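Everything on this sheet refers to the single structure shown next.
The values are calculated or read from the model by the stated rules, or taken from the named source; none is laboratory data. All figures in this text were calculated on a predicted structure; none of them were measured in a lab. Cβ: placed from backbone, ideal geometry, glycine included. Neighbour counts: every protein chain shown. SASA here: full protein model, heavy atoms, side chains in, ligands and nucleic acids out. Shrake-Rupley method; radii C 1.70, N 1.55, O 1.52, S 1.80 Å.
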Amino acid sequence: MRVLVIGSGAREHALLLALRDDPEVDALFVAPGNAGTALIAEQHPVDITSAEEVVELAQRVRSDLVVIGPEIPLVLGVADALRDAGVACFGPSEDAARIEGSKAFAKEVMAAAGVRTAASEIVDNPAHLDAALARFGVAAGDPAWVVKDDRLAAGKGVVVTPDREVARAHAAGLLEAGHPVVLESYLDGPEVSLFSLVDGRTVVPMLAAQDFKRVGDGDTGPNTGGMGAYAPLPWLPAETCQQIVGEIVEPVAAELVRRGSPFCGLLYAGLAITAAGPAVVEFNCRFGDPETQSVLALLESPLGQLLYATATGGLASFGDLRWRDGAAVTVVLAAENYPGRPRLGDVVVGAEADGVLHAGTARRDDGAIVSSGGRVLSVVGTGPDLSGARSVAYRIIDSIKLPGGHFRSDIALLAAEDKIHV
Ligand code: GLY
């Protein structure tokens with residue numbers, strides 16, 4: 001099988017490594033890729049938001065399967081164009097990708113499917129902002145306001161704060177830039193990312209994971225695209241996972257079928273485990289980053305065959321997924337000033353080590369690897385348990401040199417110390 005992966009992050013590096021381990025995969029291509037993926041796949045610098053360019057590349061390299069990593073090509077309909085051209089594609093249609101691309105659509109689907117989620121309101125007129133703020137957050141008895149950019153913002157458009165002025169300033173800034181704002185009620189409880197492979201009605205959950213969105217230790221500082229993740233979640237009862245699949249993911253998949261927009265690809269449910277049960281924070285229409293780096297480190301089933309089965313409607317007969325014992329912890333190394341405007345062009349030393357996945361990296365003419373994005377590397381450690389996996393990940397990241405680089409030191413720490421309870 002010849003597989004083309006679309007994207008350039010550590011998620012795509014993880015996908016390529018797992019695909020390479022599948023005995024049925026004999027050729028790998030990536031567009032546009034990074035300095036790490038260039039070592040394992042043939043790299044093609046195409047514009048991944050252009051359906052025309054992606055279809056042309058898929059046909060030129062004779063790919064049997066295209067796997068789309070990021071959300072932007074999906075919400076722009078690149079998967080539809082591939083399928084129309086007769087190329088099997090792992091990734092939902094433009095219509096189904098609205099589950100991530102439009103918060104209003106996601107809320108509508110969840111309401112129709114009877115799924116528990118935060119109450120929300122869209123504000124698109126600055127004159128309505130103060131009245132709306134008075135209906136949410138501390139004003140409504142919640143511990144904080146939750147203010148989101150209604151447009152795709154790579155995780156960075158969210159502010160959760162007990163300070164009304166901070167909430168107001170974020171919302172006003174978004175409105176001034178012409179972005180509608182979503183105000184949501186606060187969902188209290190530990191967060192879970194549950195990925196499910198979905199082909200229409202068939203739902204196959206993967207291992208549950210947790211990610212760390214704030215930039216600083218102890219969940220401090222601004223939101224990022226994700227600073228680390230781990231899997232599995234020793235504190236999450238198996239029945240809660242079954243409940244998430246049976247009461248949330250399957251009804252949403254069925255609702256999308258009912259609307260004529262069946263989902264085909266990876267449906268990512270971001271949840272809070274509240275006192276009332278699991279509630280949806282958001283849906284995404286693709287593999288999460290950095291959770292994928294941890295989840296795929298533990299997958300034993302052949303990924304190429306699994307994604308191909310999903311893309312071609314054969315998931316129901318694929319059989320149960322197989323997982324390695326133990327745990328995986330991913331720690332993200334970010335460039336100076338990330339999640340603000342990151343400093344780029346710094347030389348990274350030690351990025352060739354085992355367990356290092358590349359994201360914002362490029363190879364300079366002199367052969368040096370330099371930073372080219374905010375999240376530069378993901379370092380993945382595996383071990384018999386979370387403590388062992390943490391030790392491996394932090395040992396590797398301590399050996400890497402990036403001027404101004406920073407990472408969180410507490411990824412998976414509370415779970416390893418058995419301090420998370422639901
Ligand atoms: N880990 C958050 C995301 O992928 O959106």
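Kindly identify the chain as rounded, prolate or oblate by the Cα gyration tensor criterion: order the square roots of the eigenvalues as a ≥ b ≥ c, call it rounded if a/c is under 1.5, otherwise compare a/b with b/c, prolate if a/b is larger, else oblate.
Working: a/c = 1.35, a/b = 1.17, b/c = 1.15.
Here the chain falls in the rounded category.
For region 323-390, trypsin sites (Lys or Arg not before Pro) meeting the loop criterion (DSSP other than H, G, I, E, B) and having at most 12 other Cβ atoms within 10 Å: Arg324, Arg364. Scalar couplings 3J(HN,Hα) for region 214-221, obtained by applying the Karplus form with A = 6.51, B = -1.76, C = 1.60 to θ = phi - 60°, are 7, 6, x, 3, x, 6, 10, x Hz; x denotes Gly and Pro. Using bins of 5 Å that start at zero, the share of Cα-Cα pairs per bin across region 210-275 amounts to 3, 13, 17, 19, 17, 16, 10, 4, 1, in whole %. What a 1.4 Å probe finds exposed on the chain is 50% carbon and sulfur by accessible area, rounded to a whole percent. With the biggest extent put first, the Cα atoms of region 43-123 measure 47, 24, 18 Å across the principal axes. What whole number of Å gives the distance from the Cα centroid of region 380-422 to the Cα centroid of region 195-236? Between the Cα centre of region 195-236 and that of region 380-422, the gap is 15 Å. Estimated purely from DSSP H runs of n ≥ 4, each contributing -39500 (n - 2.57), the mean residue ellipticity at 222 nm for the chain is -7500 deg cm²/dmol once divided by its residues. Amide hydrogen proximity for Ala208: with H placed 1.01 Å from N in the peptide plane, the residues at 5 or more positions away or on another chain lying under 5 Å are Leu233. What number, in percent, do you get for the relative contact order of the chain if the mean sequence gap of Cα pairs under 8 Å and at least 6 apart is divided by its residue count? Result for the chain is 17 percent. Excluding ligands, DNA and RNA, the accessible surface per residue across the chain is 39 Å² with a 1.4 Å probe. The H on the amide N of Thr117, modeled in the peptide plane, is under 5 Å from the matching H of Val280, each at least 5 residues off or on a different chain.
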